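Structure first, then comments.
Throughout, read-outs are computed from the coordinates displayed, never taken from laboratory work. No experiment lies behind these values; they were computed from the predicted model shown. All Cβ positions, glycine included, derive from the backbone under ideal geometry; neighbour counts span all protein chains shown.
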Amino acid sequence: MADKGTGQGGMGSLALKIGIASAIGFGALATGLLASRRGRHLVKEAWQGRQRTRIEDRVLDRIWGDPVLGRRDLDVDEIADGVVAVYGKVLDEQERRVALALASQVKGVVEVEDHLMVAPRDRARRARERLERR
């Protein structure tokens, strides 16, 4: 007679338990990640298969952590050692200044290139145009 847990059935049961525990753990991780802006950005990056440098990760983490800039579609490339370029659209000059300042504050960044485009929302632009016509 075979001992309990020593045969193939015991190993299959253990593998099933590990599989279920892994699925539950992954679900909790995914739910937590998807609940935050940083998490959603991280999942998007992983889905795209993008490999980031350590400095790019730090800069993006800093930008995505900002309550306003975290909502913008911004990107960062390390184009040389310690030199990062910040790309994307912001709504005004204040957002541009903040994005560049956040990038420059990251350890290891020695220079920041500005490739940001200021593109106000259509509503704000239309309101300004209406005011200018008066």
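Taking H as built 1.01 Å from N, whose amide H comes closer than 5 Å to the amide H of residue 52, not counting residues under 5 places away?
none
Under the Karplus relation 6.51 cos²θ - 1.76 cosθ + 1.60, θ = phi - 60°, what is the ordered set of whole-Hz ³J(HN,Hα) values for segment 52-69, x standing for Gly and Pro?
Once θ is set to phi - 60°, the couplings for segment 52-69 become 10, 7, 4, 5, 4, 4, 5, 5, 5, 4, 5, 5, 5, x, 6, x, 8, 5 Hz.
Nearest 5 is fine: what % of DSSP beta bridges in segment 52-124 come out antiparallel, could you say? Mind dumping the intermediate values first?
On the way: 6 of 14 bridges.
Among the beta bridges of segment 52-124, antiparallel pairing accounts for roughly 45 percent.
Just to be sure I understand the model, the point goes 7 Å from the Cα along the line to the Cβ. What's the resulting residue 83 to residue 107 distance in nm?
Output for this residue pair reads 2.4 nm.
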